[in-house]
Structure formats: C-alpha cells, structure tokens
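K.L.:
I'd like to ask you about the structure that follows.
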Amino acid sequence: MRERVEDKQMKVAIITTCPTGIANSIIAAGLLEKAAANLGWEAQIECHSMVGEQRRLTREEIEAAELVVVAGDGADMGRFAGKALFQAPVAQVLADPQAFLQQAKQAAKPYVFVAQAAVAKPTAGVQRIVAITACPTGVAHTFMAAEAIEEEAKKRGHWVKVETRGSVGAKNALTAEEIAAADLVVIAADIEVDLARFAGKRLYKTSTGAALKKTAQELDNAFATATVWQADSKATAGAPAKTERTGVYKHLMTGVSHMLPLVVAGGLCIALSFIFGIEAFKQEGTLAAALMKIGGASAFALMVPVLAGYIAFSIADRPGLAPGLIGGMLASSLGAGFLGGIVAGFLAGYSAKLVADKVKLPQTMEALKPILIIPLVASLITGLVMIYVVGGPVSAAMTGLTNFLQNMGSANAILLGILLGAMMCFDLGGPVNKAAYTFGVGLLASQSYLPMAAIMAAGMVPPLGMGLATLLARSKFTESEREGGLAAMVLGLCFISEGAIPFAARDPMRVIPCTMLGGAVTGALSMWFGAKLMAPHGGLFVVLIPNAITPVFPYLLAIAAGTAVTGVLYALLKPRESVATNGAALA
C-alpha cells in the first residue's frame with residue numbers, strides 16, 4: 001500500500017467524466033478522492049454520471065480551489081477560466097491516482113477558455129444559432145420546423161444551422177466547433193433528445209409545432225429566456241416549462257417514434273406474403289411463410305417491447321431501457337397488447353427514475369447502480385406489477401376492444417370512423433392527431449387493420465382539400481397561396497397532414513371546421529367500405545404494394561369524397577377580401 005505523502009494542504013477541485021457516464025467516471029472520482037486524502041489535500045469532487053442528479057461544484061468552491069483537475073472530456077470548462085488547471089483522459093487515473101494528482105500539481109497551467117475562437121466571431125448584433133428539430137414520426141414537423149427556424153433567423157440577419165432528427169437519422173449534423181461558437185441553442189423537439197453536448201451553452205426548448213406556427217415569437221422567447229444547460233441537471237434546462245412538451249405526451253411519442261419503423265416494415269412484409277394467397281403463409285418453406293415470419297412473427301413481436309422500452313428510456317434515460325423492454329415483452333406474452341405496453345413503459349421508466357434518484361450508495365459502489373441495481377429493481381417492480389396487477393385487466397380490455405372492432409356493425413364502424421377522422425384533422429400533427437394515430441398503429445399488432453386505414457385516409461384530406469380549394473377559387477387566393485396549395489396536395493398524397501398548417505394558421509376558424517368535416521366523411525366511408533391498411537404510413541404510394549390496402553378503389557373514393565367536401569366548403573367560405581388583406585400584409 002502506498003504510504004501517505006505529506007504535503008501542504010492544498011484545496012483542489014476534481015471533475016471526472018467518461019463517454020458512458022457509468023463506471024469509469026464514478027470509479028475515478030472515488031480513487032481521486034482517496035488519493036487526495038492520502039496527500040493531505042482538501043478535495044471537492046464533481047462526478048458526471050447518468051445516474052440521478054449529481055453534485056455540481058459551486059462558484060465558491062471553484063474560486064477557493066488552488067488547483068482544478070479534470071479527468072475526461074465534456075465538462076463545462078468556461079467556469080474554470082483563469083484557474084490553474086490540468087486535464088487528462090480518465091483512463092490515466094485508474095493506473096495510479098496519486099501519481100496522477102502529483103502530475104496535475106506540477107503540470108497545471110492557468111486555463112484560457114478559447115472555445116469561441118474555433119469559428120470567427122460574428123459582427124455586432126449578429127448571433128450564431130444552432131438548433132435541433134425532432135418529431136415522433138420524423139417526417140413532416142421535423143423538416144418544416146427546421147425550415148421555419150432557418151428562414152426567421154436569416155431574415156433577422158443571424159447565422160443559423162439546424163440539425164434534423166428525421167426518420168432517416170440525423171441530417172445536417174452540428175459539429176463540435178459550431179456548437180462551441182454558438183450564442184444560442186434551440187431545441188424544437190417532441191421526443192427525447194440527448195443534450196449532453198450542449199453543456200454550458202444557453203439553451204431554449206420548445207415543440208416543433210410552436211417552432212413552426214409561432215417561429216418569430218419562439219425565437220424572441222429563446223433570446224429572452226434561454227438559460228445555461230448543465231449536462232447533469234435537467235432542472236436547469238434553459239426554457240420555461242410551459243414552452244416544452246413534457247410528461248406523458250413526450251414520453252409516449254418517443255416510444256411511438258421508435259416503434260413506427262417496425263410497424264411499417266412488418267406490415268408491408270405481411271402484405272407481400274398475401275400476394276401468394278391469403279393463407280399461403282401456412283405452407284412451411286415457402287416465400288410467403290418466410291415473409292410472414294419476418295413481418296408477423298418478428299417485426300410485430302418487437303412492437304410492444306420497443307414501445308415500452310423507449311417510453312421508459314425517455315423517462316429515465318438508459319437505465320430505464322432494459323426494464324421497459326422486459327415490461328413490454330411481458331405485456332405481449334400476457335396478451336395486454338399496446339395498452340399493456342404503454343402501462344409497462346411508464347411503470348418501468350418511473351421505477352427506474354425513482355431508484356436512480358432515491359437510492360444512495362457509497363461513492364465506490366455508485367458504478368453498480370446503472371448496470372445492476374436499477375435494471376434489477378425496476379425490472380422486478382415492473383414485472384411483478386404486470387403479472388399480478390396490471391396484466392389481467394389490461395389483457396381483458398384489449399381482448400374486448402379487439403372483439404368489438406372485429407364484430408362491430410356498420411353504425412358503430414361509421415361512428416368510429418367519424419371520430420378518428422375528425423381527430424386526425426383537428427390539430428394537424430398535434431396531440432389530438434397523434435392520439436388517434438397512436439391508437440391505430442397500436443391496433444395493428446392485434447390484426448385490427450380497419451382503424452388504421454380510416455386514420456391515414458382522413459389524415460390526407462386537409463392538405464388535399466386546401467389544394468383543391470386554391471384551384472376552385474383561384475381569385476380568392478394570392479399567388480403564394482396558390483403555389484402553397486399545389487405543394488400541400490403533394491404533401492397530402494404522402495400522408496403529411498402538416499401541409500395544411502399554413503392555411504390553418506392564417507384562417508383557423510374556417511379551415512379547421514372544413515378539414516374536420518372532410519376528415520369525418522373520409523373516416524366514415526373508409527370504415528363503411530371495410531378498408532384495411534397493413535402499413536401506418538406512405539400515403540397513396542402504399543397502393544403500389546400489392547395487398548397493402550384492400551379494397552383499393554373504394555378506399556380512394558373515400559379520400560376523394562372527403563377532399564371534395566373540404567375543398568368545396570372552404571372555397572365557398574373563404575372571403576374574397578382576404579386577398580387584399582394578405583397583399584397589404586406582404587407590402
């Protein structure tokens with residue numbers, strides 16, 4: 001054992017980080033604390049970990065420190081400007097922590113914070129803005145919000161770059177240099193986004209809907225209310241709580257967004273298997289059987305576990321993922337379906353978060369929490385509650401819902417179609433729209449395909465109807481509105497309801513009732529025709545895949561009818577004088 005080294009009592013601030021925020025950071029903190037005691041130093045420790053809320057060095061402690069030691073990367077370095085500082089990889093601590101501290105004492109130099117020099121400073125009044133946009137489906141709101149932020153920022157003369165987290169992954173990714181040089185970070189997201197790389201930056205959170213519909217107002221709010229983001233303290237997130245979609249909606253949408261690719265791939269594989277005959281998959285060794293195994297037995301089997309896992313991940317970060325996946329698998333095996341998966345996800349997430357926040361262990365044992373304590377305890381809580389409390393009732397409710405949908409008469413089917421169709425057209429990608437969409441997607445795992453068909457058909461009506469209105473009443477629309485109408489029709493064909501948002505934002509009291517009425521007509525007709533949809537996205541292009549939509553022509557008729565209702569009604573209701581108003585506004 002190393003003998004105690006006598007030294008002048010030195011006040012030292014120690015910060016440890018590691019890429020995963022699990023083992024090395026916590027172990028290094030414990031080793032350095034013990035080594036500092038052996039040296040007779042007075043040490044204050046800041047350990048960056050993903051487990052619960054971590055203690056952060058106070059301004060007084062930093063000012064009092066004669067030496068700052070940083071083991072790892074990613075700490076907020078600006079606060080150490082002017083202090084004697086030594087920084088090295090966390091791995092060097094593990095070999096000989098006492099020698100590491102001695103080396104730090106000898107090699108420390110006054111720290112100069114130069115991150116802003118990575119990119120040339122903007123001229124006076126010009127701000128550098130970086131942003132991220134992300135929505136549950138990663139299709140429409142993500143890119144439309146990004147475009148709105150870019151246009152508004154450039155109109156004000158600011159430099160801006162927006163990273164989009166769409167269905168195909170991150171595009172236009174922000175570099176470390178761009179983040180370091182940024183004056184403001186804007187996060188417009190309806191799902192959970194990892195913000196660790198923005199530690200120490202002024203950050204503002206909002207939703208994609210607000211960023212798209214109230215861009216100027218949100219940018220003003222961002223400059224006025226953004227606060228410094230600290231990676232290990234969600235409580236200090238840089239925006240008022242009211243501007244960010246949090247809680248149940250955000251966690252649920254995070255789960256849905258990760259489940260969606262499985263639903264699409266699985267549903268289309270099942271549809272392709274029907275090309276060879278509705279029951280051809282029962283013949284072992286055939287291509288139809290292989291396609292059904294890929295889609296039904298594999299992709300659909302993962303739907304509920306992934307839904308539950310990523311709901312829990314959104315709540316408790318990585319420690320919640322394993323309990324959520326386990327709870328979701330139990331929901332599937334118990335027959336509780338997507339309703340049970342939602343319950344399991346929230347149960348696992350909040351159980352994991354409770355353990356992470358409330359269970360306190362000695363510093364040397366903290367590394368066990370994310371890899372042993374949290375997964376074990378949260379999985380036991382989730383599993384036992386699912387088996388003995390939740391599973392039975394939810395399974396019965398799911399069975400009852402499935403039987404109702406499969407055996408309902410024409411009147412009930414039409415009423416359900418009206419409700420789902422109107423919900424899809426009410427807020428054009430907002431919470432009500434997403435609630436209806438999530439309901440339809442979840443039922444696909446129970447082989448209930450009627451609601452999903454009505455939902456997608458109705459969701460196409462608002463942009464198609466607005467496009468039709470611009471064609472029927474051209475004199476009532478400005479040139480830019482007519483161009484927007486053509487673009488909306490293209491978006492409508494792709495099942496992107498948000499294409500109607502520009503019209504709804506300008507004239508909500510007329511547009512929204514027109515779209516809801518058209519959506520209700522389409523939803524009712526789709527259910528009456530008995531249309532079935534195997535995939536939850538793709539718009540009319542899904543028609544190109546055999547058996548993805550059945551029957552095809554009545555389904556197209558339902559969409560056309562709703563579009564006609566919306567388009568004709570709005571063309572009649574839109575006042576002619578609005579053209580002059582719009583023209584004056586543009587002048």
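The values are calculated or read from the model by the stated rules, or taken from the named source; none is laboratory data. This is a predicted model, so every value here is computed, not measured. Heads up, the Cβs are rebuilt from the backbone with ideal geometry, glycines too, and the neighbour counts pull from every protein chain shown. Accessible surface areas use protein heavy atoms only, side chains included; no ligands, DNA or RNA. Shrake-Rupley method; radii C 1.70, N 1.55, O 1.52, S 1.80 Å.
K.L.:
Gly485 versus (1) free of Cβ contacts under 8 Å to residues at least 60 places away in the same chain; (2) open to solvent by 30 Å² or more (accessible area, probe 1.4 Å): which is the lone unmet condition?
P.N.:
(2)
K.L.:
Going by what's in this entry, would Ala308 be described as open to solvent by 20 Å² or more (accessible area, probe 1.4 Å) and either modelled with pLDDT of 90 or more or not in a loop (DSSP other than H, G, I, E, B) (or both)?
P.N.:
no
K.L.:
Sticking with this one: Please work out if Leu321 is aliphatic (A, V, I, L, M), modelled with pLDDT under 90 and either in a helix (DSSP H, G or I) or under 22 Å from Cys47 (Cβ atoms) (or both).
P.N.:
no
K.L.:
Among the residues of region 316-336, which ones are in contact with a Phe, Trp or Tyr (Cβ under 6 Å, 6 or more places away or on another chain) and either open to solvent by 10 Å² or more (accessible area, probe 1.4 Å) or under 21 Å from Pro393 (Cβ atoms) (or both)?
P.N.:
Leu321, the sole residue that qualifies.
K.L.:
Are there any helices (runs of 4 or more DSSP H) wholly within region 161-245 with 1 or more residues that are out of contact with any helix residue (DSSP H, G or I) (no Cβ under 7 Å at 6 or more places or on another chain) and at pLDDT 85 or above, and if so which?
P.N.:
176-181, 215-225
Residue-wise test of (1) open to solvent by 10 Å² or more (accessible area, probe 1.4 Å); (2) not in a loop (DSSP other than H, G, I, E, B).
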{"site": "Met509", "(1), (2)": "yes, yes"}
{"site": "Pro513", "(1), (2)": "yes, yes"}
{"site": "Met516", "(1), (2)": "yes, yes"}
{"site": "Gly519", "(1), (2)": "no, yes"}
{"site": "Thr522", "(1), (2)": "no, yes"}
{"site": "Ser526", "(1), (2)": "no, yes"}
{"site": "His537", "(1), (2)": "yes, no"}
{"site": "Leu540", "(1), (2)": "yes, yes"}
{"site": "Val543", "(1), (2)": "yes, yes"}
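K.L.:
Give me the pairs, please: first residue somewhere in region 277-299 and part of a helix (DSSP H, G or I), second residue anywhere and modelled with pLDDT of 85 or more and of a type in the set (Lys, Arg), beta-carbon distance under 9 Å, and either six or more positions apart or on two chains.
P.N.:
Note: pairs meeting the criteria are Phe281/Lys293.
K.L.:
Could you pull out the residue among Leu372, Leu339 that is in a helix (DSSP H, G or I), over 18 Å from Gln447 (Cα atoms) and open to solvent by 10 Å² or more (accessible area, probe 1.4 Å)?
P.N.:
Exactly one residue qualifies, and that residue is Leu372.
K.L.:
Surrounded by fewer than 18 Cβ atoms within 10 Å (Cβ to Cβ) and either more than 19 Å from His251 (Cα to Cα) or hydroxyl-bearing (Ser, Thr, Tyr) (or both): does that describe Val389?
P.N.:
yes
K.L.:
Among all residue pairs at least 6 apart or on different chains, which show Cβ distances below 6 Å where the first residue, located in region 526-544, is over 17 Å from Gly562 (Cβ atoms) and the second is in a helix (DSSP H, G or I) and of a type in the set (Val, Ile, Thr)?
P.N.:
Met534/Ile270; Ala535/Val264; Ala535/Val542; Pro536/Val263; Pro536/Val441; His537/Val264
K.L.:
From Phe439, Phe426, grab the single residue that is touching a residue at least 40 places away in the same chain (Cβ under 8 Å) and either closer than 18 Å to Phe495 by Cβ or open to solvent by 30 Å² or more (accessible area, probe 1.4 Å) (or both).
P.N.:
It is Phe426.
K.L.:
Identify, from the list Val51, Val93, Val68, the residue that is buried (at least 19 other Cβ atoms within 10 Å of the Cβ), at pLDDT 85 or above and either among the small types (Gly, Ala, Ser) or at negative phi (or both).
P.N.:
Val68
K.L.:
Sticking with this structure for a sec: Would you please name the residue that is nearest to the chain's Cα centre (by Cα), looking only at residues in region 462-518 that are polar (S, T, N, Q) and modelled with pLDDT of 85 or more?
P.N.:
Among residues in region 462-518 that are polar (S, T, N, Q) and modelled with pLDDT of 85 or more, the one nearest to the chain's Cα centre (by Cα) is Thr515.
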